Amino acid sequence: MEIFLKENERIDDLEYKGLKIIQDKSGFCFGIDSILLTNFAKNIKNNSNVIDLGTGTAIIPILLSAKTNAKKIVGVEIQQDVAEMARKSVRLNNLEDKIEIINDNILKLKNIYEGNSFDVIVMNPPYKKMNTGIINKDIKKVISRHEITASLEDFIDISYYLLKNSGELYMIHRPERLVDILSYLRLKKIEPKNIRFIFSNKNKEPKLVLIKAVKNGNLFLKVENNLYIYDENGNYTDEILKIYDKK
């Protein structure tokens, strides 16, 4: 299949089962957070219907298609050019039968789907509230990093609508927003079940947190072992190498 790239686009090898992805050389490219979230969600049930809210270049749907036996994966992306780039990546990997990309705001998903439509939701939402942190001049990066088009509460609210009863939500975010996240989840009746903190190394504070929650789930929270990205020598830890399929 012939894929036409724009001048600012490139094809990157994901080095996993022959998968590739198209990215904008000057835009917001995926990071290790998307890789870790995909690994965190890899044990979802077979034949699950999955939706990724804020999919970007569709890195999470593409990797989940190879790491799970999901039936269908939908990626929702508000930026038209990014959504089109994601669609090209889906075609590049011959995944049209498994992955669908929707170009829309997550706030409008109630107009597209009935409630209780999905078994699993994954999300790597913008980490920063509006008017906080350094605002990038590139609007694409601003939308990816700041809650301009939808707030954290909006992401959680639409998750309750879309999830089936006992459906699972997988999220990665910043530890400084953890109180907000857990408060919103419980308020919307999506009960936090597992959290795992991610550290650069053992001498640093946690930089990310993984969260699994269940719609109308029972009250029980498990804090999993810490995940360290680098060892004392500055190399990837064995667990990270395993996640990247390098060990």
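Numerical summary
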item: Long-range HN-HN contacts of residue 237 with modeled amide H, under 5 Å; result: 230, 231
item: In sequence order, calculated HN-Hα J values of the range 101-111 (Karplus, 6.51, -1.76, 1.60; Hz; x Gly/Pro); result: 10, 10, 9, 6, 7, 4, 5, 9, 5, 5, 7
item: Extension gain from residue 176 to residue 84, taking 0.36 nm per residue of separation minus the Cα-Cα distance; result: 29.9 nm
item: Once exposed loop chymotrypsin sites (Phe, Trp or Tyr not before Pro) are cut out (DSSP; at most 13 other Cβ, 10 Å), longest piece of the chain; result: 5-219
item: Under the Karplus curve 6.51 cos²θ - 1.76 cosθ + 1.60, θ = phi - 60°, whole-Hz ³J(HN,Hα) for the range 39-49, x wherever Gly or Pro sits; result: 5, 5, 9, 6, 9, 5, 5, 4, 6, 6, 8
item: FRET efficiency for residue 110 and residue 223, using Cβ-Cβ distance with R0 set to 30 Å, rounded to 0.05; result: 0.35
item: Estimated inter-spin distance, residue 200 and residue 13, nm [label 7 Å along Cα→Cβ]; result: 2.9
item: Histogram of C-alpha separations across the chain, 5 Å bin width, %; result: 1, 6, 14, 18, 20, 18, 14, 7, 2, 0, 0
item: Value at 222 nm in deg cm²/dmol, rounded to 500, when DSSP H runs of n ≥ 4 in the chain each add -39,500 (n - 2.57); result: -7500 deg cm²/dmol
item: Positive-end extreme of charge dipole, the chain - chosen from 166, 150, 62 (charges on Cβ); result: 166
item: GluC sites (Glu not before Pro), loop per DSSP, at most 14 other Cβ atoms within 10 Å - longest free stretch of the chain; result: 115-223
item: Per-residue HN-Hα couplings for the range 3-13 [Karplus 6.51, -1.76, 1.60; θ = phi - 60°; Hz; x = Gly/Pro]; result: 10, 8, 9, 6, 4, 8, 9, 9, 9, 10, 7
item: Residue 231-residue 246 pseudo-label distance in nm [points 7 Å out on the Cα-to-Cβ vector]; result: 1.2
item: Convex hull volume of the range 52-101 per residue (C-alpha atoms, cubic angstrom); result: 56
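Computed from the coordinates by the stated procedures, all read-outs in this text should not be read as laboratory data. What you see is a predicted model; the values in this text were computed from it and never measured. Positions of Cβ are backbone-derived with ideal geometry, glycine not excepted, and every protein chain shown enters the neighbour counts.
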